[in-house]
């Protein structure tokens, strides 16, 4: 067992503010290092991260494959590995492709424009509470075809789930996360029994096998994961993107060019993305990045480090709005990539398009406060105002 512990604390105040210098130094000097606190190998190079995410035969997401267990409420498309996950993932992706995503994006754009009109008269406001949270809840609810829950109540439930992802660093976060998942599962159950609105959920209900109780469980749990994961990822991505644009107003101005909107939004996610990493377990002994990994050891691809790897992204520390191709890991990669990626990108495009079209200019009103979370990079508050 390795004894050295690399100098990386994701919850250190400086790393919460800007983790990229430390990660760059680790990528240069110790690209695969052992983290004692997380009892995991940490990967910082893009190629190593992609290898682990692609090779689900060697690196398991499902703990049961290496002798662990999964509580029933957590059995979803995000915990199952191929081929067990194939049917459920295909079900949701087929239903997603059947949705009118341009219409969802257009409605999101109108929502942002309306909120910007109201916020212009409000003086200083919090981008997270006033833009990121309501837009993310509304867009995911619109896609699924359900009545949006209360913004503030749902944000509290989602935050407890998001923070429980750091349970390896702080075990006290696990139980509140379990309770929050149960609350959200009850909400999703009500949608399956009562909601008749058109949308992704109605489509899934039509296609899902009704006789198989395991399949029904996986479908409901995946709907919960899609709602909460889509919301939390989008809200974090919006906060990060707005912070980057507040510091670089010329980038927002350049995205008036429709040709730069799609590639620019993708680049914002690469440059300062929401999801910082994920965990896999080695099914058998292997070697990665010059390091021997024992069977049963955890491996953590650090997306934040991979997305700034100059071997994959020339000028990795620069915001290049026209960057293409852009194989970033902002939403993961492979069979466990976020099923809400498409709608998250639509929400970000709607936000940026509304900001460039609005007559008032978004201006920073002070420093934002980062959430003290390791798995998701997000703002607690981000003050701004609209200047005419």
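The values are calculated or read from the model by the stated rules, or taken from the named source; none is laboratory data. Since the model is a prediction, treat every value here as computed from it, not as a measurement. Heads up, the Cβs are rebuilt from the backbone with ideal geometry, glycines too, and the neighbour counts pull from every protein chain shown.
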Counted residues in segment 116-148 being at pLDDT 95 or above and not in a helix (DSSP H, G or I) come to 3
Being modelled with pLDDT under 90 and farther than 25 Å from residue 89 by Cα is the requirement here; does residue 372 meet it?
no
Scanning segment 256-277 residue by residue, those under 24 Å from residue 367 (Cα atoms) and either in a strand (DSSP E or B) or over 18 Å from the mean Cα position of the chain (by Cα) (or both) turn out to be 275
Per the list (1) buried (at least 20 other Cβ atoms within 10 Å of the Cβ); (2) on the phi > 0 side of the Ramachandran plot, residue check on residue 43 breaks on (2)
Q) Do we have residue 342 as within 22 Å of residue 129 (Cβ to Cβ) and either in contact with a helix residue (DSSP H, G or I) (Cβ under 8 Å, 6 or more places away or on another chain) or buried (at least 21 other Cβ atoms within 10 Å of the Cβ) (or both) here? A) no
Inside segment 77-93, the number of residues satisfying the requirement of being more than 19 Å from residue 332 (Cα to Cα) and surrounded by 20 or more Cβ atoms within 10 Å (Cβ to Cβ) is 1
Expected single match for free of Cβ contacts under 8 Å to residues at least 60 places away in the same chain and surrounded by 24 or more Cβ atoms within 10 Å (Cβ to Cβ) among 227, 271 is 271
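Residue by residue, here is whether (1) at pLDDT 95 or above; (2) touching a helix residue (DSSP H, G or I) at 6+ places or on another chain (Cβ under 8 Å); (3) surrounded by fewer than 17 Cβ atoms within 10 Å (Cβ to Cβ) holds:
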position	(1), (2), (3)
22	yes, yes, no
54	no, yes, yes
75	no, yes, no
114	yes, no, yes
The one condition residue 290 fails out of (1) surrounded by fewer than 22 Cβ atoms within 10 Å (Cβ to Cβ); (2) at pLDDT below 95; (3) touching a helix residue (DSSP H, G or I) at 6+ places or on another chain (Cβ under 8 Å) is (3)
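Is it true that residue 373 is assigned to a helix (DSSP H, G or I) and touching a helix residue (DSSP H, G or I) at 6+ places or on another chain (Cβ under 9 Å)? Spell out how you get there, then give the answer.
Numbers: assigned to a helix (DSSP H, G or I): no; touching a helix residue (DSSP H, G or I) at 6+ places or on another chain (Cβ under 9 Å): yes.
Against the criterion (assigned to a helix (DSSP H, G or I) and touching a helix residue (DSSP H, G or I) at 6+ places or on another chain (Cβ under 9 Å)), residue 373 does not qualify.
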Those residues of segment 262-294 that are more than 25 Å from residue 244 (Cβ to Cβ) and in contact with a strand residue (DSSP E or B) (Cβ under 6 Å, 6 or more places away or on another chain) come to a total of 9
_Just checking, does segment 302-315 include any residue being under 25 Å from residue 132 (Cα atoms), in contact with a strand residue (DSSP E or B) (Cβ under 7 Å, 6 or more places away or on another chain) and in a loop (DSSP other than H, G, I, E, B)?_
yes
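Is at least one residue of segment 107-114 within 24 Å of residue 367 (Cβ to Cβ) and under 18 Å from the mean Cα position of the chain (by Cα)? Walk me through it before giving the result.
First, pick out the residues of segment 107-114 that are within 24 Å of residue 367 (Cβ to Cβ): 112.
Now narrow it down to the ones that are under 18 Å from the mean Cα position of the chain (by Cα): none.
No: zero hits.
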Subset of segment 124-142, residues under 17 Å from the mean Cα position of the chain (by Cα) and under 11 Å from residue 227 (Cα atoms), comes to 136, 137, 138, 139, 140, 141
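I'd like to check something: does segment 23-31 contain any residue that is out of contact with any strand residue (DSSP E or B) (no Cβ under 7 Å at 6 or more places or on another chain), in a loop (DSSP other than H, G, I, E, B) and over 24 Å from residue 171 (Cβ atoms)?
From segment 23-31, those out of contact with any strand residue (DSSP E or B) (no Cβ under 7 Å at 6 or more places or on another chain) are 24-25, 27-31; that's our starting set.
Retained after the next criterion (residues that are in a loop (DSSP other than H, G, I, E, B)): 30-31.
Those still in the list that are over 24 Å from residue 171 (Cβ atoms) too: 30-31.
Within segment 23-31 (the criterion being out of contact with any strand residue (DSSP E or B) (no Cβ under 7 Å at 6 or more places or on another chain), in a loop (DSSP other than H, G, I, E, B) and over 24 Å from residue 171 (Cβ atoms)), the answer is yes, since at least one residue qualifies.
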Query raised in the report: Does residue 154 satisfy the condition of being buried (at least 20 other Cβ atoms within 10 Å of the Cβ), closer than 30 Å to residue 10 by Cα and out of contact with any strand residue (DSSP E or B) (no Cβ under 9 Å at 6 or more places or on another chain)?
Result: yes
A careful count of residues in segment 56-68 that are in a loop (DSSP other than H, G, I, E, B), in contact with a helix residue (DSSP H, G or I) (Cβ under 9 Å, 6 or more places away or on another chain) and either at pLDDT below 95 or surrounded by 19 or more Cβ atoms within 10 Å (Cβ to Cβ) (or both) gives 2
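Do we have residue 299 as surrounded by 23 or more Cβ atoms within 10 Å (Cβ to Cβ), touching a strand residue (DSSP E or B) at 6+ places or on another chain (Cβ under 7 Å) and part of a helix (DSSP H, G or I) here? Walk me through how you get there before you give the answer.
Details: surrounded by 23 or more Cβ atoms within 10 Å (Cβ to Cβ): yes; touching a strand residue (DSSP E or B) at 6+ places or on another chain (Cβ under 7 Å): yes; part of a helix (DSSP H, G or I): no.
It is false that residue 299 is surrounded by 23 or more Cβ atoms within 10 Å (Cβ to Cβ), touching a strand residue (DSSP E or B) at 6+ places or on another chain (Cβ under 7 Å) and part of a helix (DSSP H, G or I).
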In the set 339, 363, the lone residue that is farther than 23 Å from residue 256 by Cα and either within 14 Å of the chain's Cα centre (by Cα) or touching a residue at least 12 places away in the same chain (Cβ under 8 Å) (or both) is 339
